[in-house]
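Report on the structure given below.
Values quoted throughout were computed directly from the atomic coordinates according to the rules given, and no laboratory measurement underlies them. Keep in mind that this is a model prediction, so the values were computed, not measured. Ideal geometry is used to build each Cβ from the backbone, glycine not excepted, and the neighbour counts take in all protein chains shown.
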Amino acid sequence: MLFAELVQKRQSDRKYINQPISTEHILQIIESARLAPSASNSQPWTFVVVDKEPTRTEIAKATITNGLPINKFALDVPVIIAIVVEQPKPLTRFAGWLKKRDFPWIDIGIAAEHICLQATELGIGSCMIGWFDENKVKQILKIPKNKKVGLLITLGYTPDNYLHRQKIRKPLNDVLKFNSY
């Protein structure tokens, strides 16, 4: 698949079928994330793959807030990946302090998209989830209290009749400038 086709095909999928993902595919997806670039090659991430019960359901429930109808689809996914933000190299920490940028968060965003793009290439749907009870996720996965969970990503096969949505984006002229703002 050409990269342009992959980018067109990748979307946030919120409907999955009850079909496990092979360990081989999970490892291939994580390997793509592991190879993602990062500031000063800090690789400030740990990927926690959750594919066993009851842990998977507990993590899915941590994405659902009473009264808000979001993320209920997470209950039906076979795999959830938690990306834990790790401490970057001292040079990256210093540069971040100096430039007032949080490079590890940028880096996990790159790794997260590598996960989603690789999953798409393999015919696996994905969705990044930023709305979750972080303390509950950390407790369930035994993540140290001093760590941050940056994102959760769901992975699963979508139904054959699942709609590939038309991408609605701002026009190119609204987001592109050459040589000055």
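Data overview
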| quantity | calculated |
| --- | --- |
| Cβ-placed point charges (K, R +1; D, E -1), dipole of the chain about Cα centre in debye, nearest 20 | 740 |
| Gain in span if fully extended, F94 to T55, counting 0.36 nm per residue against the direct Cα distance | 10.3 nm |
| Relative contact order %, the chain, counting alpha carbon pairs below 8 Å whose residues are six or more apart | 33 |
| DSSP loop trypsin sites (Lys or Arg not before Pro) with at most 11 other Cβ within 10 Å excluded, longest remaining stretch of the chain | 1-51 |
| Links that overshoot a 31 Å alpha carbon limit, given the list K145/K177; K99/K147; K145/K167; K100/K145; K9/K61 | K145/K177; K145/K167 |
| Shape parameters for the stretch 25-95, alpha-carbon atoms, Rg then Dmax in Å | 15.6, 44 |
| Positive-end extreme of charge dipole, the chain - chosen from L75, Q19, S38 (charges on Cβ) | S38 |
| At 0.692 mPa s and 37 °C, Stokes diffusion of the stretch 121-181 via Kirkwood alpha-carbon radius, µm² per second | 208 |
| Counting all C-alpha pairs of the chain, share separated by more than 28 Å (%) | 29 |
| Loop-located chymotrypsin sites (Phe, Trp or Tyr not before Pro) in the stretch 109-158, at most 13 other Cβ atoms within 10 Å (DSSP) | W131 |
| Convex hull per residue volume in Å³, alpha carbons only, for the stretch 58-125 | 129 |
| Nearby aspartates and glutamates by direct alpha-carbon distance to K52 (threshold 18 angstrom, same-chain neighbours under 8 apart not counted) | E24, D76 |
| Gaussian network model of the chain, springs between alpha carbon atoms under 10 Å - residue of Q139, Q166, Q28 with greatest fluctuation | Q166 |
| Length-normalised contact order of the stretch 108-181 in % [C-alpha pairs under 8 Å, at least 6 apart] | 31 |
| Proximal charge balance of R10 [Cβ under 12 Å; K/R count +1, D/E count -1] | -1 |
